[in-house]
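One structure is given here, and the rest of the page talks about it.
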Amino acid sequence: MNFGTAIEQLKRGSSVARKGWNGKGIFIKLKKGNSLNTPNNRFDEVMTHDFIYIDTTGLQTSNLEAPKDRVPWLASQTDMLANDWYVVE
């Protein structure tokens, strides 16, 4: 699957990853933004725009120092031109 199709899958709620990424168990996902008017949301904690994040909390690697986090993600040129994207089940 190409990057454009991977983005469409993110918009449908799927998680996606690349076969070419180092390490198993990592993926990206789209986080939907919230309205500032949503009840019980504190103004300084609300993201109002959708954003993509990478989840490495399930990373399987022999590197014990590898970070296991969820952080905002930006695609590299290699990621955008790759055709090895797949939907994570």
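The values are calculated or read from the model by the stated rules, or taken from the named source; none is laboratory data. All figures in this text were calculated on a predicted structure; none of them were measured in a lab. With ideal geometry, Cβ positions are generated from the backbone for all residues, glycine too; neighbour counts draw on all protein chains shown. Protein only, heavy atoms only, side chains kept; ligands, DNA and RNA dropped before computing areas. Shrake-Rupley method; radii C 1.70, N 1.55, O 1.52, S 1.80 Å.
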Self-check item: Residue-by-residue Karplus 3J(HN,Hα) for the stretch 16-32, coefficients 6.51, -1.76, 1.60, Hz, glycine and proline x
Solution: 9, 8, 10, 5, x, 6, 6, x, 9, x, 10, 7, 10, 8, 8, 9, 6
Exercise. May I ask you to derive the relative contact order of the chain, considering only C-alpha pairs under 8 Å and at least 6 residues apart, and to give it as an integer percent?
Key: 40 percent
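May I ask you to give the percent of accessible area on the chain that is carbon plus sulfur, with a probe radius of 1.4 Å?
Numbers: 3270 of 6460 Å².
Looking at the chain in its full context, I get 51 percent from C and S.
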Quiz item: Which of the following values of percent of Cα pairs over 19 Å apart was calculated from the structure shown: (i) 46; (ii) 74; (iii) 69?
Solution: (i)
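Counting only heavy atoms of the protein chains, get the accessible area per residue of the chain (1.4 Å probe) and round it to a whole Å² value. Could you put the intermediate results ahead of the total?
On the way: 6460 Å² over 89 residues.
Dividing the accessible area of the chain by its residue count gives 73 Å².
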Quiz item: So what is the calculated 222 nm ellipticity per residue for the chain, using -39500 (n - 2.57) for each DSSP H run with n of 4 or more, over all residues, to the nearest 500 deg cm²/dmol?
Solution: -4000 deg cm²/dmol
Quiz item: Under a plain spin-label model, where a point goes 7 Å from the Cα along Cα-to-Cβ, how far apart in nm are residue 52 and residue 84?
Solution: 1.7 nm
